[in-house]
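Participant: Got a structure for you, written out below as C-alpha cells; questions coming shortly.
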Amino acid sequence: MTTETDGAKAPGTDGTAGTEARTAGPRALAWQRRRRSTARFWTQYRTHRAGLVGLVALALFALLALTAPLTVGSDVAGVTGAPGQPMEGPSAEFPLGTDRFGRDLLGLVVWGSRVSLLVGLLAAALSVAIGTLVGITAGHFKGAYGTVLMRITDWFLVMPTLVLAIALATVMSRSLGTVVLAIGVTSWPTTARLVRAQTLAVESRPYIERATALGGGHWHIMSRHVLPNVMPLVLAQTTLMISSSILAEATLAFLGLGDPTVVSWGGLLQDAREAGAVSSGNWSYLVPPGIAIAVVALAFTLCGRAVESVLNPRLGVGR
C-alpha cells in the first residue's frame with residue numbers, strides 16, 4: 001500500500017539543492033569555487049595584524065592618489081604662476097612650505113603619489129610577467145632551452161640591478177615608459193628562479209603524467225596545470241616587487257634619470273638636492289617625500305609577507 005509519504009523525495013534528490021547542482025554549468029561552479037576561495041583567503045589574511053596595517057596604509061595612499069585631481073588640482077605642478085615664494089618655510093597657507101619654484105610642497109607630495117604608485121605597479125607587473133614566463137618555460141622545457149634560460153637568469157642575478165637600470169635609462173629617452181622598462185627588465189630573475197622551482201615541483205606530480213599520457217600538449221600543461229599552481233607564489237611575489245619598484249623609481253628620479261615633466265616623490269628629492277635643501281637644513285623639503293616612499297614600501301612589504309604566509313603556511317611567516 002502506498003501513502004502520501006511514499007511519494008516524498010529525499011533531500012537533495014529532487015529538491016532545490018539538487019536542481020541547482022544539475023542546472024549550474026561549469027562556469028557557475030568555477031565562480032562559486034573562486035568566491036569560496038576568496039572568502040577563505042580573507043578570513044586567514046585578517047589574522048595577520050601587520051598585513052592589515054599595511055593594507056589600510058595602502059588604501060589611504062590609493063585614495064589620496066585617486067582624489068588628487070579634486071583635492072590639490074593638476075595646476076599644483078605648474079611652475080608658472082606658483083602661489084608662493086621660493087623656499088618658504090611651513091605656514092598656515094603652505095603646511096610644508098614651498099619648493100624652489102614657489103609651489104606648495106604638500107600638494108606636490110600628494111600629486112607625486114600618482115606617478116610613484118603607477119610606475120611601481122607597472123614595473124612590478126612587467127617584472128613578474130617576464131619572470132613567470134621564463135620560470136615556467138625553463139621548468140617545463142628541460143634540456144638545452146631551459147639551461148640557456150637559467151644561465152641568462154644567473155647573469156642578471158649577479159649583475160647589480162640598479163646599475164643595469166641606470167645604464168638602460170641613460171641610453172633611452174627620459175620618460176615614464178623608460179623608467180618602467182628599465183626596472184621591469186632588470187628585476188625579473190628572482191621571480192624566474194622561484195617560479196621555475198615551483199614548476200619543477202608541480203610537474204613531478206602524478207596528474208601531470210596522466211595529462212601528458214592523455215595527449216595534453218605543452219601549452220595545455222603549462223596553462224591549465226602549471227600556471228594555476230604557481231599563481232599563489234606569483235601573487236605574493238608581485239606584492240613584494242611593488243615596494244622594490246617604487247624604491248627603484250625613486251632612486252632613478254633622484255639621480256635625474258626620470259621624466260622631468262612629471263612630479264614624483266623621487267623627483268622631489270632630486271629637486272631638493274639641487275636646491276641645496278640638505279646644506280640649508282630645509283627638512284620640510286626633504287622629509288615628506290622620503291617618508292612617503294618609506295611608508296608605501298613598508299606597507300607593500302607587510303602585505304606581501306601576509307599574502308605569502310596565507311598562501312604558503314609552511315613558510316612560517318610571523319604575524
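Participant: Express the Stokes-Einstein translational diffusion coefficient of segment 181-319 in µm² s⁻¹, to the nearest whole number, given a Kirkwood radius over alpha-carbon pairs, 25 °C and a viscosity of 0.890 mPa s.
Facilitator: 136
Participant: Considering only the other residues whose Cβ falls under 12 Å of the Cβ of Val79, what net charge follows from Lys and Arg at +1 and Asp and Glu at -1?
Facilitator: -1
Participant: Another question, then. Expressed in nm to one decimal, what extension gain is obtained for the pair Thr67 and Arg273 from 0.36 nm per residue of sequence separation less their Cα-Cα distance?
Facilitator: Contour length minus the Cα-Cα distance gives 71.3 nm.
Participant: Then there's this: Assuming R0 = 45 Å, can you tell me the calculated FRET efficiency for the pair Met159 and Arg46, based on Cβ-Cβ distance, to the nearest 0.05?
Facilitator: Using R0 = 45 Å, I get an efficiency of 0.65.
Participant: Give the accessible surface of the chain per residue, rounded to a whole number of Å², with probe radius 1.4 Å and ligands, DNA and RNA excluded.
Facilitator: With all protein chains present, the chain gives 54 Å² per residue.
Participant: Moving to a separate point now. Just one of (i) 23.0; (ii) 22.0; (iii) 20.1 is Kirkwood radius over Cα pairs in Å as worked out from the coordinates here. Which one is it?
Facilitator: It is the one labelled (i).
Participant: Just how much of Met172 is accessible, in Å², when a 1.4 Å probe is used and the result is rounded to the nearest 10?
Facilitator: About 70 Å², ignoring ligands and nucleic acids.
Participant: Turning to a different aspect of this structure: Could you give the length gained on full extension between Thr38 and Ala59, defined as 0.36 nm per residue of separation minus the Cα-Cα distance, in nm?
Facilitator: 5.7 nm
Participant: Can you tell me the FRET efficiency between Ala213 and Ala129 if r is taken as the Cβ-Cβ distance and R0 is 25 Å, rounded to the nearest 0.05?
Facilitator: 0.20
Participant: A further question follows. Tell me the label-point distance for the pair Ser173, Arg27, using the 7 Å Cα-to-Cβ offset, in nm and rounded to one decimal.
Facilitator: It is 4.2 nm.
Participant: Another question, if that's okay. Please give the contour-minus-distance gain from His220 to Lys142: 0.36 nm per residue of separation, less the Cα-Cα distance, rounded to one decimal in nm.
Facilitator: Fully extending the segment from His220 to Lys142 adds 26.4 nm.
The values are calculated or read from the model by the stated rules, or taken from the named source; none is laboratory data. For clarity, every value in this text was computed on a predicted model and none was experimentally measured. All Cβ positions, even for glycine, are placed from backbone atoms using ideal geometry, and neighbour counts span all protein chains on display. Each accessible area value is taken on the protein alone, full model and side chains, heavy atoms only, with ligands, DNA and RNA left out. Shrake-Rupley method; radii C 1.70, N 1.55, O 1.52, S 1.80 Å.
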